[in-house]
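Beneath this line is the structure, given in structure tokens, with notes to follow.
The values are calculated or read from the model by the stated rules, or taken from the named source; none is laboratory data. Keep in mind it's a predicted model, so treat the numbers as computed, not measured. All Cβ positions, glycine included, derive from the backbone under ideal geometry; neighbour counts span all protein chains shown. Note: accessible area is taken over every heavy atom of the protein model, side chains too, but ligands, DNA and RNA are not part of it. Shrake-Rupley method; radii C 1.70, N 1.55, O 1.52, S 1.80 Å.
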Amino acid sequence: MHYAIIAAGEGSRLAQEGVEKPKPLVEINGEPMIGRLVNIFCRCNAESISVIVNEQMRDVQAFVKALNPSVPLNMVVKSTPSSMHSFYELSRVMPSGKFCLTTVDTIFRETDFRGYIEAMEKSEGCDGMMAVTPFIDDEKPLYVETDGGLNITAFSDTRNEGVKYISGGIYALGERAVKVLERCMADGVSRMRNYQRALIAGGLHLKAYPIGKILDVDHAGDIAKAEAFLKGEG
């Protein structure tokens, strides 16, 4: 499995709330978020890791350059207008094959993540597997509609009757998904949620993989929440 991390955002909300470090270097239980992800990926059979970093975040660039993982590490330095554009830049340097993409501030328990990756590695006949969660702590959640077999049928900005899950912001995908990404870029699509809708519209078979809880670190108060969660306190 190849892995990719989007760390190109400015982290402006954290800065406005008094957090001095750039978001990727914010520590969760003493470990910078970007370093935590790289370490987890290496323990989850990583073949390579690709990271995109904002041009202005020189401290983050230096941190990534100093990492010495046991697998090839590619770093793209580029400021982009959206996560989808960051994904596109990463897709140009990632090796071919199955990959898992996430944003740098996505917090999950490693045991949950390992089960998810193992399921994707064993999967046959599906083009991707999205980590989903019933836990909603997002300002603008993306709801994931599924059938009885956890096949994804739609993505929605509003919660329709019977919908149990939202997107956890972790995407395990195959090469067909990259082709859809290229078409989205050509058509001027600009948001990850619209890209996900394009996957369904393009006829790709996506599965949902439920994970109990996934958090995003968007605000200063989320740091303590994430630390408590990983300690088993939340």
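Are any of the pairs LYS21/LYS231; LYS21/LYS207; LYS179/LYS225 more than 32 Å apart by Cα-Cα distance, and if so, which? Don't skip to the answer; put the middle values down first.
Details: LYS21/LYS231 22 Å; LYS21/LYS207 36 Å; LYS179/LYS225 37 Å.
Beyond 32 Å between Cα atoms: LYS21/LYS207; LYS179/LYS225.
Relative to the Cα centre, what is the charge dipole magnitude of the chain, using +1 at the beta carbon of each Lys and Arg, -1 at the beta carbon of each Asp and Glu, and rounding to the nearest 20 debye? Working shown, then result.
Details: 26 positive and 31 negative charges, 83 e Å.
Computed about the Cα centre, the dipole is about 400 debye.
What percent do you get for the relative contact order of the chain when only Cα pairs under 8 Å and 6+ apart count?
On the way: 422 pairs, mean separation 55.7, N = 234.
With pairs under 8 Å counted, the relative contact order is 24 percent.
Let a ≥ b ≥ c be the square roots of the eigenvalues of the Cα gyration tensor of segment 1-79; is it rounded (a/c under 1.5), or, if not, prolate (a/b larger than b/c) or oblate?
Numbers: a/c = 2.24, a/b = 1.57, b/c = 1.42.
The shape class here is prolate.
Counting only residues 5 or more places away or on other chains, whose amide H sits under 5 Å from the amide H of GLU10 once H atoms are built in the peptide plane?
Counting only residues 5 or more places away or on other chains, the set is empty.
For SER50, enumerate residues with amide H under 5 Å from its amide H, sequence gap 5+ or separate chain, H modeled in the peptide plane.
The answer is TYR3, ALA4, ILE5, ASN74.
Heavy atoms only, probe 1.4 angstrom, no DNA, RNA or ligands counted: give me ARG36, ARG109 ranked by accessible area, highest first. The partial results should precede the final answer.
Values: ARG36 20, ARG109 75 Å².
Largest accessible area first, the list is ARG109, ARG36.
By its C-alpha gyration tensor, with a ≥ b ≥ c as the square roots of the eigenvalues, how is the chain shaped: rounded for a/c under 1.5, else prolate for a/b larger than b/c, else oblate? Please list the in-between numbers first.
Working: a/c = 1.41, a/b = 1.22, b/c = 1.16.
It comes out rounded by the Cα gyration axes.
Using only protein heavy atoms and a 1.4 Å probe, report how much of THR103 is accessible, in Å² to the nearest 10.
Taking all protein chains as shown, THR103 has close to 40 Å².
How big is D, in µm² s⁻¹, for segment 114-214 by Stokes-Einstein at 25 °C and 0.890 mPa s if Rh is the Kirkwood radius over C-alpha pairs?
On the way: Rh = 13.8 Å.
It comes out at roughly 178 µm²/s.
State whether segment 79-145 is rounded, prolate or oblate according to the following rule on the C-alpha gyration tensor (a ≥ b ≥ c being the square roots of its eigenvalues): a/c under 1.5 gives rounded; otherwise a/b larger than b/c gives prolate, and the remaining case gives oblate. Let's see the in-between values first.
Values: a/c = 1.68, a/b = 1.03, b/c = 1.63.
Oblate, because a/c is 1.5 or more while a/b does not exceed b/c.
Residue by residue through segment 103-119, what is 3J(HN,Hα) from phi via Karplus (6.51 cos²θ - 1.76 cosθ + 1.60, θ = phi - 60°)? Round to whole Hz and write x for glycine and proline.
7, 5, 9, 7, 10, 8, 7, 4, 5, 5, 5, 4, x, 4, 5, 4, 5
By accessible area of protein heavy atoms, probe 1.4 Å, what ranking do GLU121, GLU227, GLU89 get, highest first?
Accessible-area ranking of GLU121, GLU227, GLU89, largest first: GLU121, GLU227, GLU89.
At 1.4 Å probe size, with no ligands or nucleic acids counted, give the accessible surface of LYS140 in Å², nearest ten.
My reading of the accessible area for LYS140 is about 140 Å².
Which listed residue (THR111, LEU230, LEU73) has the Cα farthest towards the positive end of the charge dipole for the chain, taking +1 on Lys and Arg C-beta and -1 on Asp and Glu C-beta about the Cα centre?
Projecting each Cα onto the dipole axis, the largest value belongs to LEU73.
For segment 124-133, what does the Karplus curve 6.51 cos²θ - 1.76 cosθ + 1.60, with θ = phi - 60°, yield as ³J(HN,Hα) per residue in whole Hz, taken in order and with x for Gly and Pro?
Values per residue, Gly and Pro as x: 10, x, 10, 8, x, 9, 9, 6, 10, 9 Hz.
Taking H placed 1.01 Å from N in the peptide plane, check which residues at least 5 places from THR103 or on another chain put their amide H under 5 Å from its amide H.
ILE6
State, as an integer percentage, the relative contact order of segment 44-125 based on alpha-carbon contacts under 8 Å between residues 6 or more apart.
Numbers: 58 pairs, mean separation 26.9, N = 82.
RCO, segment 44-125: 33 percent.
What are the ³J(HN,Hα) values, in whole Hz, obtained from phi via the Karplus relation 6.51 cos²θ - 1.76 cosθ + 1.60 with θ = phi - 60°, for each residue of segment 87-94 in sequence order, with x given for Gly and Pro?
4, 4, 4, 5, 4, 7, 10, 6
With every protein chain left in place, what is the accessible area per residue of segment 84-145 in square angstrom, probe 1.4 Å?
Details: 2480 Å² over 62 residues.
That works out to 40 Å² for each residue.
Hey, any idea what % of the chain's accessible area is carbon plus sulfur with a 1.4 Å probe?
Working: 4830 of 10640 Å².
Heavy-atom surface of the chain belonging to carbon and sulfur, 1.4 Å probe: 45 percent.
Report the residue, chosen from GLY174, GLY148, GLY212, that carries the largest GNM mean-square fluctuation when the chain is represented by alpha-carbon nodes joined by springs under 10 Å.
GLY148
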